[in-house]
Amino acid sequence: MRILAVIEHDGSSPKPGSLAAVGFAQAVAERNGGHVASLVIGHTVAGIAEILTSFGIVYFADSPALANPLADRYAQVIVDAVSRYHADMLVAASSTYAKDIVGRAAGLLGGAMVSDVVAHDWRDGQLLFVRPMHAGMVTETVILHGDPKIVTIRPTAYPQPIAMETQGELFPIAVQDPLPVGMMWEHLESKLGTRPDVTDARIVVAGGRAIADRHDFERLVGGLADCLDGAIASTRALVDAGIAPNSLQVGQTGKIIAPELYIALGISGAVQHLAGMKNSKKVLAINKDPNAPIFDFADYGLVGDVYDVVPELIGKLHEP
Amino acid sequence: MKILVPIKRVPDPDHRIRVDLQRIALELSDVPHIINPFDANALEEAVRIREGPVPDAEIIAIGIGDPAWQQELRTSLAMGADRAIHVGVSGPPDPWNVARILRAITERESPDLVLMGKQAVDDDSNQAGQFVAGLLGWPQATFVSQIEFIPLDPEPSIAGHQLRVARETDTGIETIRLRLPAVITADLRLNEPRYAALPAILKAKRKPIETIPLTELNIELSPRVERIALQEVSSSRKCQYVQSVDELLDQLFLNRCL
Ligand SMILES: Cc1cc2nc3c(=O)[nH]c(=O)nc-3n(C[C@H](O)[C@H](O)[C@H](O)COP(=O)(O)OP(=O)(O)OC[C@H]3O[C@@H](n4cnc5c(N)ncnc54)[C@H](O)[C@@H]3O)c2cc1C
């Protein structure tokens, strides 16, 4: 089996979560004697392609026309790469990038696609995929019919890839002329700030509706995160209220994370929120309602008002 | 201008979902069903487009499922769709077959815009919109939280881009322009869907729902995804309550969480 992993990057290096797709591909290839290659798309991505050669062959498409991820162009490049490599399987780590672009490519490649895979298994030589549905209340096990198979995996569920002894070869992919022009890039308004990325951080502090405004979000959620070198996150309630940017939303329709410690401040524990954080190693919930469902999904609970508890916590963490 | 809005009937996510004893199907008979929340956002946006920039827009709701789906289509008509199409199949097909059916309907109806939910809250696949866009070769904008109609620019390199949309991505809000026809998938922050008022519900009873059998579309379902098992997920955590910040810090340090 030939497996092609689509790698997302930030312009200078591959995204760590994205590399978990190679980790998954290696696990599958090891079992069935398959081969793994990576694909990187963008403009001035030679350096990123070079980094990826430590995991095997790398295909890369580099063009000013690919400077920004527009789904119609990128999906076309993916389809070309799949045919160049004769890939039987296309994998990517689940993210808005992969859902958008790899999803479209899958539509061009016959639609044998499974999203958000958290585990896999073999039965009679056939791959079984396990994935959550219903906001994570249920998991389903599925098989795919048709080739190529297209898989997105949860980066929290798969390890980083293992480097090879010898570097893989680099193959440029010529960009088709003309590329589709029905979509045009304008800009990206990014509010990432200086804190660690929520998907990679060891500790994540998340705020819910208990937080009244932006100032308090920065003071309580941001303040506690900074004491712990942690990342910040939020529920949908705060994003809807304009208190937190959308890129911080954790849950069914936001990011899926699994840090060592997740601290939920004034979060009720709706299934849609739990869907994004319940695989955290440890969960601490602080909520003034002793019956809040979040406590059923927490390892440590403190019943109290976040406006009292969090300042005290920050104060004590600052003490030598 | 024609806008096609696919509507999925899903179990109400506020209800606990159970798996049957054979662990192959969900027990849904007692669970109320609703329009998939993201589809409601898509429909609401279509209605706002008609109320705003494109008064002559025609809105067609389409459902692909068993006869029970007529209920959600009726609700869609009450929310403002002009007419509805019901493609009869025994259960909701996988995203690939949904996309094939939507392509066939698109070829019949020639809409300018397919406006749909970004994902269904039951299977959470987040695939159908991208599949349809790929199959049709149309521009796509997924996870959209804002749609703006813009004047056509005479500059040839950017000619014909009629829509400016904001997309919610992992790195922030991305703004792109699209040519029509296009596929747009809605995120929750696109709008707040309205509740249909009584007069609208009564009026909806007179609006047409056309039923189309699969055979008329010349489509044979060929599932790409086959489910072989289901499992309920429950929490294995036992919460240890602490009474004070000091006790909390002790526990966190003791268990090497910090
Ligand atoms: C289709 C769909 C998708 C969704 N996707 C997501 C998603 O991806 N992510 C997400 O988060 N949500 C999502 N939601 C929304 C979700 O259902 C909940 O509405 C949301 O998670 C609630 O956020 P919350 O816990 O902050 O607010 P609430 O549910 O209002 O809870 C606030 C909590 O704070 C406590 N509290 C209040 N004041 C204080 C105080 N001073 N001190 C301590 N505790 C206090 C209260 O006791 C309560 O438990 C989605 C909903 C739908 C329908």
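The values are calculated or read from the model by the stated rules, or taken from the named source; none is laboratory data. Bear in mind that the values here come from a model prediction, so they are computed numbers and not experimental data. When we count neighbours, we look across all protein chains shown, and the Cβ atoms used for this are built from the backbone with ideal geometry, even at glycine. Just the protein is used for accessible areas: all its heavy atoms, side chains included, with ligands, DNA and RNA removed. Shrake-Rupley method; radii C 1.70, N 1.55, O 1.52, S 1.80 Å.
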For segment A:181-285, calculate the relative contact order in percent as a whole number, restricting contacts to Cα pairs under 8 Å that are 6 or more residues apart.
29
Solvent-accessible area per residue for the protein assembly as shown at a 1.4 Å probe radius, Å²?
41
Pop out the carbon and sulfur fraction of the accessible area of segment B:1-78 as a percent, whole number, probe 1.4 Å.
50
Which whole-number percentage describes the relative contact order of chain B, with Cα contacts under 8 Å and a sequence gap of 6 or more?
23
If you take every DSSP beta bridge whose two residues both sit in segment B:2-254, what share of them, in percent to the nearest 5, is antiparallel?
40
Measuring from label point to label point, each 7 Å out along Cα→Cβ, what is the residue B:68 to residue A:145 span in nm?
2.4
In segment A:157-288, carbon and sulfur make up what percent of the accessible area (probe 1.4 Å)?
52
Nearest 10 degrees is fine. How inclined is helix B:245-254 to the longest principal axis of chain B, computing both from alpha carbons?
80
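Using the Kyte-Doolittle scale, which helices in chain A average at least 0.0 and also have C-alpha atoms spread 15 Å or more along the helix axis, with helices defined as whole DSSP H runs?
Membrane-span-like by this criterion, though nothing is claimed about a membrane: A:16-32, A:96-108, A:306-318.
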Threshold 50 Å², segment B:176-196 residues less accessible with all protein chains present than alone (1.4 Å probe):
B:177, B:188, B:189
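With charges only on Cβ, +1 for K and R and -1 for D and E, what is the dipole size of segment B:2-254 about its Cα centre, in debye, rounded to 20?
Values: 28 positive and 37 negative charges, 134 e Å.
Dipole size: approximately 640 debye.
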What angle do you read, to the nearest 10 degrees and between 0 and 90, between the alpha-carbon axis of helix B:37-51 and the longest principal axis of chain B?
40
Ordered by number, the residues of segment A:282-310 with at least 50 Å² less accessible area in the assembly than alone (1.4 Å probe) are A:299, A:300, A:301, A:302
Which of the GluC sites (Glu not before Pro) found in segment B:165-245 are in a DSSP loop and have at most 12 neighbouring Cβ atoms, other than their own, within 10 Å?
B:220
Whole-Å distance linking the alpha carbon centroid of segment B:1-39 with that of segment B:192-210 is 21
Above-threshold pairs, the threshold being 24 Å between Cα atoms, out of A:281/B:118; A:149/A:278; A:281/B:8; A:191/A:288; A:255/B:2; A:288/A:316:
A:281/B:118; A:149/A:278; A:281/B:8; A:191/A:288; A:255/B:2
So, with points 7 Å from each Cα along the Cβ direction, the residue A:241-residue A:200 label distance in nm works out to 3.1
Which residues among segment B:159-202 fall inside the zone where the amide N is under 16 Å from a point 7 Å beyond the Cα of residue B:110, along Cα→Cβ?
B:180-182
For residue A:187 and residue B:256, what is the calculated FRET efficiency with R₀ set at 60 Å and r taken between the beta-carbons, to the nearest 0.05?
0.90
Starting from segment A:234-320, pick out the trypsin sites (Lys or Arg not before Pro) whose DSSP state is loop and whose Cβ has at most 14 other Cβ atoms within 10 Å.
A:281
Heavy-atom accessible surface that B and A bury in contact, both chains counted, 1.4 Å, Å² to 100
6900
Computed from the beta carbon distance with a Förster radius of 45 Å, FRET efficiency for residue A:170 and residue A:123 to the nearest 0.05 stands at 0.75
Place +1 on the Cβ of every Lys and Arg and -1 on the Cβ of every Asp and Glu in segment B:1-113, take the dipole about the Cα centre, and give the residue among B:29, B:70, B:81 whose Cα lies farthest towards its positive end.
B:29
Give the calculated FRET efficiency between residue B:23 and residue B:153 to the nearest 0.05, with a Förster radius of 45 Å applied to their Cβ-Cβ distance.
0.20
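Of all accessible surface on segment B:79-120 at a 1.4 Å probe, what whole percent is carbon and sulfur?
Of the solvent-accessible surface of segment B:79-120, carbon and sulfur hold 43 percent.
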